[in-house]
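Take a look at the structure set out below.
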Amino acid sequence: AQKVTQTQTSISVMEKTTVTMDCVYETQDSSYFLFWYKQTASGEIVFLIRQDSYKKENATVGHYSLNFQKPKSSIGLIITATQIEDSAVYFCAMREGEAQGTGSKLSFGKGAKLTVSP
Amino acid sequence: NTKITQSPRYLILGRANKSLECEQHLGHNAMYWYKQSAEKPPELMFLYNLKQLIRNETVPSRFIPECPDSSKLLLHISAVDPEDSAVYFCASSHGQGYGERLFFGHGTKLSVL
């Protein structure tokens, strides 16, 4: 069984600073995929960024980047130059190993609420 | 997000039967129902790929999914229980690759009286 753990429940930062959100995972799969999703105050769930386990380079999209430490089973999300609108709940997720062409079951962490203040 | 539409947005039920509807305009092959209870992450209920039920997580039998075509997904609910109060999200994905992202609808908030 796969497991995703986010130990932070709530984080508060000032606007324009950098924040790191932690996530550790457990899996028996040799190849796997890790994701971060954001849920806004309106409830909308949006994909942010993905890390493929076989890639050594940390993924980067806009002002989101990942700190992938495979030996530690860790996938941290880094948000640089935070903005007020980054305030949301952030979920770490991992795709379970499934045969190709069968869709994707994601295991989500419990989420961490980020509050960005002016 | 008008690419995945869910209806209704809000649903208040006593013991009546009702259906949630979802339609995606992304040309995806896989569609999902997720349940999100208050202060919890989304949990997968059902997964369809090419209209075939692939994953049927342990959910009460009062929830019955239906996939009439690859762009539409229904969730029929009968004799709801207060523990069913939650937001139900429809999602879709290409259904082809390991690293595919999910696209979520806005959700239907179910309140059980």
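Taken together, the values in this text are just the output of simple stated rules run on the coordinates, not laboratory data. Being a predicted model, the structure only gives us computed values, none of them experimental. Here the Cβ is made from the backbone with ideal geometry for all residues, glycine too, and neighbour counts use every protein chain on show.
Condition first: under 11 Å from the mean Cα position of the chain (by Cα) and not in a strand (DSSP E or B). Now tell me which residues in segment B:67-113 satisfy that.
Result: B:Gly105, B:His106, B:Gly107.
Suppose the filter is touching a residue at least 12 places away in the same chain (Cβ under 8 Å) and farther than 23 Å from A:Lys38 by Cβ; does B:Lys3 pass it?
Here the answer is no, as B:Lys3 does not meet what is asked.
Filter segment A:44-65 down to the residues that are within 11 Å of chain B (Cβ to nearest Cβ) and of a type in the set (Ser, Thr, Tyr), then identify the one that is nearest to B:Lys40 (Cα to Cα).
Filtering segment A:44-65 for residues that are within 11 Å of chain B (Cβ to nearest Cβ) and of a type in the set (Ser, Thr, Tyr), the one nearest to B:Lys40 (Cα to Cα) comes out as A:Ser53.
Restricting to segment B:5-28, name every residue that is farther than 22 Å from B:Val80 by Cβ, more than 11 Å from every other protein chain (Cβ to nearest Cβ) and touching a Ser or Thr at 6+ places or on another chain (Cβ under 9 Å).
Residues satisfying the conditions are B:Glu23, B:Gln24, B:His25, B:Leu26, B:Gly27.
Any residue in segment A:23-43 that is within 15 Å of A:Ser87 (Cα to Cα) and more than 9 Å from chain B (Cβ to nearest Cβ) sitting within a Cβ distance under 6 Å of a residue that is of a type in the set (Phe, Trp, Tyr) and assigned to a loop (DSSP other than H, G, I, E, B)? List the pairs, counting only those 6 or more apart or interchain.
Once the first residue is within 15 Å of A:Ser87 (Cα to Cα) and more than 9 Å from chain B (Cβ to nearest Cβ) and sits in segment A:23-43, no partner that is of a type in the set (Phe, Trp, Tyr) and assigned to a loop (DSSP other than H, G, I, E, B) comes close enough.
Of all residues in segment B:45-62, which are in contact with an Asp or Glu (Cβ under 8 Å, 6 or more places away or on another chain) and either among the charged types (D, E, K, R) or farther than 13 Å from A:Ser104 by Cα (or both)?
Matches in segment B:45-62: B:Lys51, B:Glu57, B:Pro60, B:Arg62.
Have a look at A:Lys72, A:Lys113, A:Lys38 and point out the one that is loosely packed, with under 12 Cβ neighbours inside 10 Å, over 24 Å from B:Ile54 (Cβ atoms) and among the basic types (Lys, Arg).
Selected residue: A:Lys72, the only one of A:Lys72, A:Lys113, A:Lys38 that is loosely packed, with under 12 Cβ neighbours inside 10 Å, over 24 Å from B:Ile54 (Cβ atoms) and among the basic types (Lys, Arg).
Go through B:Ser61, B:Ser37, B:Ser19, B:Ser71 for me and flag whichever is under 13 Å from B:Phe89 (Cβ atoms) and among the hydroxyl-bearing types (Ser, Thr, Tyr). Even if it seems obvious, please write down each step before you answer.
On the way: B:Ser61 fails: under 13 Å from B:Phe89 (Cβ atoms); B:Ser19 fails: under 13 Å from B:Phe89 (Cβ atoms); B:Ser71 fails: under 13 Å from B:Phe89 (Cβ atoms).
After ruling out the rest, the residue left standing is B:Ser37.
Could you list, ordered by first residue, the pairs with Cβ atoms under 6 Å in which the first is in segment B:29-52 and more than 17 Å from B:Arg101 (Cβ to Cβ) and more than 8 Å from chain A (Cβ to nearest Cβ) and the second is of a type in the set (Gly, Ala, Ser) and outside any loop (DSSP other than H, G, I, E, B), at least 6 apart or interchain?
Final answer for the pair search is B:Lys35/B:Ala86; B:Gln36/B:Ala86; B:Ser37/B:Ala86.
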